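The values are calculated or read from the model by the stated rules, or taken from the named source; none is laboratory data. This structure is a prediction, so every number in the text was calculated from the model and none was measured. Here the Cβ positions follow ideal geometry from the backbone for every residue, glycine too, while neighbour counts run over all protein chains shown. With ligands, DNA and RNA removed, areas are computed over all heavy atoms of the protein, side chains included. Shrake-Rupley method; radii C 1.70, N 1.55, O 1.52, S 1.80 Å.
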Amino acid sequence: MDFALDARTRERILAAREWGRSHVRPAGLEADRLGKPLPEEHPYFKACVARGDGRTRWPGPRAAPRPPEPSAVVVSLLLAEETAYWDRGVMVANPGPGLPEPSVLALGTDEQKERFLGPFLAPDRPRWACFAMTEPGAGSDAAAIRTTARRDGDGWILNGAKCFIGNASRSDWILVQATLDVSKGREAQRAFFVEKGTPGLCGFKIEKKMGLKAYESTSFSLHDCRVPAANLLGGERGSGGRAGFETAMRTFNSGRPVIAANAVGIGRAALDEAMAFAREHDLTGDARVRDRLEWCARKLRMARLACLRAGWLADRAQPNIVEASMSKALAATVAQEVTALGMELLGTVGARGDHLIEKLYRDAKAMDIVEGTGQIQRVIIGRQLVKLPRS
Ligand SMILES: Cc1cc2nc3c(=O)[nH]c(=O)nc-3n(C[C@H](O)[C@H](O)[C@H](O)COP(=O)(O)OP(=O)(O)OC[C@H]3O[C@@H](n4cnc5c(N)ncnc54)[C@H](O)[C@@H]3O)c2cc1C
């Protein structure tokens, strides 16, 4: 692995740093103070669109495919770390085709890319999309989802309930994971585009959560919700067999190193707060304080390297399931430990609840939960190590 950053990547990181300082951190603190997500009409989102954020990576219907950037994944991880340093909740709130985009790019038909990613080519306003897998009775065990899809003439009828779905109520469309037959487990899973305003897509309720207040995590229901046959991801031909479940796994595999990078960013912010506090309060002469700071810096460095290794493999189209899970398991734990050590060092100043360190402490926990909990990452790594097939 080559750790040198080219001039363009350095520039992009510096630009993300400047934007983070001037826009991302203030928006995150505002949402945290108010205890609710930034509204869709918030000036922050308009500013994002004005600077060209929130666009799809799809080049468009008639565009020649872009030559792949050799280090695209590594660069995206570095940017994900930098943005989460300023506020990970705001990063998820950012407009764009978000979590489902990799699945649509990989499996969507040309017509689906045009219909669902086309509006994100040069968005006229902030637009969102999201991916809905989790249900009240199916979180870690993704094969256990109970949302059903039944063929009905030239369409599909969806019934079920989803929860904790990021940006759901504001999304132009939701990629909903459903099953054609609950007795058949993952083989029967398919993904469907459900557009905003479709009759039967209802009951949106924004969940309360301990951190990451800037974006909405939302539950909703599907009651006899009818979508056209053309809304089955990949079409009839491209969605059979394990393709439907693979869709979800593809989303998670590409997402885990991003969560790891986010966790490193949160941890780095906590270490900077702890350092600043130690300097301001003349604590750097104390060997016990230096020992804590050293521990945090060393663990964060390890987590970043694990994360970049997962990205480096992805850039070379090499399997990275183990590395992706390792990076997420490691980085999420480190972020929780570093923010906890920061809280300890700041003592009553942190405990009052109005210092950034306390917010980072609350934000870090979700890194261990989303896109597969720490335990689930360890299950995946263990099974891969002993070469058991994926359960
Ligand atoms: C902030 C936030 C945002 C989210 N965003 C989204 C989203 O956008 N889209 C979406 O679909 N979902 C989203 N989720 C849901 C998230 O993916 C689930 O919370 C997660 O998969 C865990 O599921 P669960 O909460 O039902 O816990 P459970 O699966 O009930 O697990 C409970 C505990 O048991 C452990 N456990 C479960 N199975 C095993 C096992 N086999 N071995 C060892 N331990 C096990 C888990 O690690 C966990 O500690 C979000 C959640 C949060 C908190």
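Numerical summary
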| quantity | calculated |
| --- | --- |
| Carbon plus sulfur fraction of accessible area for the stretch 1-90, probe 1.4 Å, in percent | 56 percent |
| For the stretch 6-114, the spread of Cα positions along each principal axis, largest first, Å | 44, 34, 22 |
| Order by protection proxy (mean Cβ within 10 Å, highest first), peptides 17-24, 124-131 | 124-131, 17-24 |
| Listed residues Arg237, Arg57, Arg256, most fluctuating in the chain (Gaussian network, C-alpha, under 10 Å) | Arg237 |
| DSSP-defined beta bridges in the stretch 70-224 - what % are antiparallel, rounded to 5 | 75 percent |
| Choice from Arg88, Arg25, Arg292 showing the highest fluctuation, given a GNM over the chain with Cα pairs closer than 10 Å | Arg292 |
| Net dipole in debye of the chain [+1 Lys, Arg Cβ; -1 Asp, Glu Cβ; about Cα centre; nearest 20] | 480 debye |
| In nm, spacing of pseudo-spin labels at His223 and Asp141 (7 Å Cα→C-beta vector) | 2.9 nm |
| In Å², nearest 10: area of Tyr361 left accessible to a 1.4 Å probe | 110 Å² |
| Prolate/oblate/rounded call for the stretch 34-169, Cα gyration tensor, a/c under 1.5 rounded | oblate |
| Heavy-atom accessible area per residue - the stretch 253-297, 1.4 Å, Å² | 45 Å² |
| Estimated FRET transfer efficiency (Asp124, Asn159; beta-carbon r; R0 25 Å; 0.05) | 0.15 |
| The stretch 149-242 - accessible surface per residue (Å², probe 1.4 Å) | 41 Å² |
| Förster radius 25 Å - calculated FRET efficiency between Glu195 and Glu41, Cβ distance, rounded to 0.05 | 0.75 |
| Dipole moment magnitude, nearest 20 debye, the stretch 1-82 about Cα centre, only Lys, Arg, Asp, Glu C-beta charged | 240 debye |
| Relative contact order (%) - criterion: Cα under 8 Å, at least six apart; region: the chain | 17 percent |
| Rel. contact order, % - alpha carbon contacts under 8 angstrom, at least six apart, the stretch 258-318 | 47 percent |
| Solvent exposure of the stretch 1-128 as accessible area per residue, Å², 1.4 Å probe | 52 Å² |
| In Å², nearest 10: area of Asp354 left accessible to a 1.4 Å probe | 130 Å² |
| GNM result for the chain, Cα springs below 10 Å: residue of Ala278, Ala63, Ala317 fluctuating most strongly | Ala63 |
| Global form of the chain, assessed from the alpha-carbon gyration tensor, a/c cut-off 1.5 | prolate |
| Ranking by accessible area, most exposed first, for Val338, Val258 with a 1.4 Å probe | Val258, Val338 |
| Value of Rg to Rh for the stretch 188-335 (Rh from inverse mean 1/r over Cα pairs, i.e. Kirkwood) | 1.14 |
| Reference-scaled alpha-carbon Rg (2.2 N^0.38 Å with N residues) for the stretch 96-188 | 1.15 |
| Accessible-area composition of the stretch 101-209, carbon plus sulfur, in percent [1.4 Å probe] | 52 percent |
| Heavy-atom accessible surface of the stretch 275-391: percent carbon and sulfur, 1.4 Å | 57 percent |
| Bins of 10 Å, starting at 0 and running to the largest distance - Cα pair percent for the stretch 254-356 | 17, 41, 25, 13, 4 |
| FRET efficiency, Asp6 to Trp295 (Cβ-Cβ, R0 35 Å, nearest 0.05) | 0.65 |
